[in-house]
1. Return one quarter of the surface area of the convex hull spanned by the alpha-carbon atoms of region 119-219, equal to its mean projected area, in nm².
2. Enter the Cα centre distance for the pair region 41-58 and region 178-206, rounded to the nearest angstrom.
3. Between residue 115 and residue 143, what is the spin-label point distance in nm, taking each point 7 Å from the Cα along the Cα→C-beta axis?
4. Report the Stokes-Einstein translational diffusion coefficient (µm² s⁻¹, integer) for the chain, Rh taken as the Kirkwood radius over Cα pairs, at 10 °C with viscosity 1.306 mPa s.
5. May I ask for the Kirkwood hydrodynamic radius of region 75-177, worked out over all distinct Cα pairs and given in angstroms to one decimal?
6. How high is the FRET efficiency between residue 41 and residue 15 when r is their beta carbon distance and R₀ equals 25 Å, given to the nearest 0.05?
7. Between residue 173 and residue 82, what is 0.36 nm times their sequence separation minus the Cα-Cα distance? Round to one decimal in nm.
8. Find how much the distance from residue 180 to residue 99 grows on full extension, using 0.36 nm per residue of separation minus their present alpha carbon separation; answer in nm with one decimal.
Ligand code: E4P
């Protein structure tokens, strides 16, 4: 299972990368805005800075919603670095754009996916990743994890190459359940990844080991 971090914050990306378990980054226009990044040049420079930290898989989202606009923007984004994955929304022109990018050998992440039908379309168009948003489904009383299970099952049935990227992951249990269900990737905030470290028995066990060691050494 790959771990992506869902942020445009360079310090958080570095921290996750330094932990040695990071496989990529997802951003979206809201996350870029949160970091105060705007204007073509600054946006491009920021994506480049992210690419310089990680080994691969940096999702950069198009803002256009029409086919021509998405193609133009996606090509520009892909030129920044070969680690870039062009993130395209699940709308009609987005599906066409994914097909186009697939034929051009440009990797895509189909975002804002909330149903199995949308995931089938993304896979048929040749998306490299599909991003079902599980937390946002939970927020409106639908079971986000059930959607992951459904998509993994459908993709397995047909051997689709599209990777299931569980997005809008809010807590560590989401991540663990996604692993049980066979999601290829999860993208989540740093705290979800570091949350996996935590166990009270680890803390108390370590404190005891260190205390016993100090006692034996006469400290
Ligand atoms: C995915 O690529 C999105 O950036 C993200 O996971 C959305 O998460 P949110 O629902 O917490 O905003």
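1. Spelled out: convex hull of the Cα atoms, projected over all directions, averaged, 8.8 nm².
2. Computed from Cα coordinates, the inter-centre distance equals 26 Å.
3. Placing both labels 7 Å beyond Cα along the Cβ direction yields 1.9 nm.
4. The Stokes-Einstein estimate is 87 µm²/s.
5. Taking every pair of different Cα atoms in region 75-177, averaging 1/r and inverting gives 13.9 Å.
6. Efficiency for this residue pair is about 0.40.
7. 29.5 nm
8. Fully extending the segment from residue 180 to residue 99 adds 26.1 nm.
Read the figures in this text as sums done on the coordinates, not as results from a lab. Please read these numbers as outputs of a predicted model, since none were measured by experiment. Note that we place each Cβ from the backbone using ideal geometry, even for glycine, and neighbour counts take in every protein chain shown.
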